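**Q** Before I ask anything, let me first share the structure, which is written out below as structure tokens.
The values are calculated or read from the model by the stated rules, or taken from the named source; none is laboratory data. Source: prediction; values computed, not measured. Note that each Cβ is placed from the backbone with ideal geometry, even for glycine, and that neighbours are counted across all protein chains shown.
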Amino acid sequence: MKKDMILVTGGTGYIGSHTVVELQNAGYPVVIVDNLSNSNKEVLDGIERITGIRPEFVEADCTDMAALTALFDKYPGIKGIINFAASKAVGESMQKPILYYRNNLNTLMNLLDLMGERGVKGIVFSSSCTVYGEPDVNPVTEAAPIKKATSPYGNTKQISEEIITDVINAGAPFKSIILRYFNPVGAHPSAEIGELPNGVPQNLIPYLTQTAIGVRKELSVFGNDYNTRDGYCIRDFIDVVDLARAHVIAVERMLEDKSPEKIEIFNLGTGNGLSVMELINAFESATGVKVPYKIAPRRAGDIEQVLDGGRNAHHADTAHDRAFKAELAGIDADIGASALDKEQHHEVEAGEAVGQEGSQTSARSAHIETPGHDEDGVQDNIG
């Protein structure tokens, strides 16, 4: 049976590109819209080399309503949307809050405006564990209270979830699944796509690899006096391919009406925490490369630690929720394994590349490549 067309906003980005691969592998025709503000068209080549299919691509800004309207005119068969188009850096949002509110909220509202009149059945929204703020209890389930956001980025996620809820409760004729990410890492096993942002990276893995090959002088770790086992911030790292596959499951759940609920929320993490320093040590052990770093003062907006407890708790209270959680748990045998083992696997491959060509190592060889503006969880506490 022919599957419905999916629009992926921000689809040339890090998480977006991996999700496009998994959608196409599952048989979905895909249209990408991206303004290429933090990515480039070469990502399309990588997707095509992996899947044998070049997705449809429209270069446009999702805050431009006229451009989005023209896109839906060109592709009237779109039935599902996965929204990755947003600015995502916590630190930058502290300095440029208007940019974040304008970009992240206007994009979402434009999409919601068009969905009803264009017959779109549902939207998967990429939210973040930042909505939990500094949680009272770890790990957190989807039932955990929403805390005051510690950054404009986190606040846009909270507001976006509220907008979606209000629109659907007002009678909008579509569904939504909200996925609260923890911290995506890694890359596709082919190394055709991965993570290498334009400019200075905001996430730990690309900064580590760039420092290891000499692109960056040193890594700054913000704070070593947190109330954690080693004094450093702790993060729940999830493999990006597992994360991408979860989006395919969410799309199927919405479009095939596998749940009667019009709005659902799920955490996407592993429940396993690693401190920033533990990950740096794992990188050095796996690659044999010493990474120069310095300890810097704490940074505004950083969360001490937050871990996913959703897979074992809330949202397993109905048959529909249990089925979805079972699907998530079966995405990949590694998803329930140690996050450290997973990270070592990726960094061994990166380390092989580091040893090949020094500072001239290609991003693709180093298991990283150029993303666009995707979402992830709390910032990685480095810089």
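**Q** Please count how many residues of region 164-186 are in contact with a strand residue (DSSP E or B) (Cβ under 9 Å, 6 or more places away or on another chain) and among the small types (Gly, Ala, Ser). Break it down into steps so the answer makes sense when it comes.
**A** To start, the set of residues in region 164-186 that are in contact with a strand residue (DSSP E or B) (Cβ under 9 Å, 6 or more places away or on another chain) comprises 164-165, 167-169, 174-186.
Still in the list and also among the small types (Gly, Ala, Ser): 176, 186.
Residues flagged as in contact with a strand residue (DSSP E or B) (Cβ under 9 Å, 6 or more places away or on another chain) and among the small types (Gly, Ala, Ser) within region 164-186 amount to 2.
**Q** Across region 88-105, which residue is nearest to the chain's Cα centre (by Cα) among those that are buried (at least 17 other Cβ atoms within 10 Å of the Cβ) and either modelled with pLDDT of 95 or more or acidic (Asp, Glu) (or both)?
**A** That would be 104.
**Q** State all residues of region 121-137 that are touching a strand residue (DSSP E or B) at 6+ places or on another chain (Cβ under 6 Å) and part of a loop (DSSP other than H, G, I, E, B); if no residue qualifies, say none.
**A** Within region 121-137, 121 is the sole residue that qualifies.
**Q** Check whether at least one residue in region 138-148 is small (Gly, Ala, Ser), surrounded by fewer than 21 Cβ atoms within 10 Å (Cβ to Cβ) and under 27 Å from residue 273 (Cβ atoms), and report yes or no.
**A** yes
This table checks each residue for (1) surrounded by fewer than 18 Cβ atoms within 10 Å (Cβ to Cβ); (2) at pLDDT 90 or above; (3) out of contact with any Lys or Arg (no Cβ under 7 Å at 6 or more places or on another chain).
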residue: 218; (1), (2), (3): yes, yes, no
residue: 226; (1), (2), (3): no, yes, yes
residue: 231; (1), (2), (3): yes, yes, yes
residue: 267; (1), (2), (3): no, yes, no
residue: 271; (1), (2), (3): no, yes, no
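**Q** Tell me, please, whether a residue that is of a type in the set (S, T, N, Q), surrounded by fewer than 22 Cβ atoms within 10 Å (Cβ to Cβ), over 19 Å from residue 5 (Cα atoms) and out of contact with any strand residue (DSSP E or B) (no Cβ under 9 Å at 6 or more places or on another chain) can be found in region 38-49.
**A** Here is the first cut: in region 38-49, the residues of a type in the set (S, T, N, Q) are 38-40.
Subset that is surrounded by fewer than 22 Cβ atoms within 10 Å (Cβ to Cβ): 38, 40.
Among the residues that remain, those that are also over 19 Å from residue 5 (Cα atoms) are: 38, 40.
With the extra rule that they be out of contact with any strand residue (DSSP E or B) (no Cβ under 9 Å at 6 or more places or on another chain), the set shrinks to 38, 40.
Yes, there is a match, as at least one residue in region 38-49 is of a type in the set (S, T, N, Q), surrounded by fewer than 22 Cβ atoms within 10 Å (Cβ to Cβ), over 19 Å from residue 5 (Cα atoms) and out of contact with any strand residue (DSSP E or B) (no Cβ under 9 Å at 6 or more places or on another chain).
**Q** Can you find even one residue in region 149-163 that is part of a helix (DSSP H, G or I), modelled with pLDDT under 95 and among the aromatic types (Phe, Trp, Tyr)?
**A** Yes: one or more hits.
**Q** Considering each residue of region 253-289, count those that are under 19 Å from residue 127 (Cα atoms) and either of a type in the set (Val, Ile, Thr) or without any contact (Cβ under 8 Å) to a residue 24 or more places away in the chain (or both), and give that number.
**A** Counting residues in region 253-289 that are under 19 Å from residue 127 (Cα atoms) and either of a type in the set (Val, Ile, Thr) or without any contact (Cβ under 8 Å) to a residue 24 or more places away in the chain (or both) gives 3.
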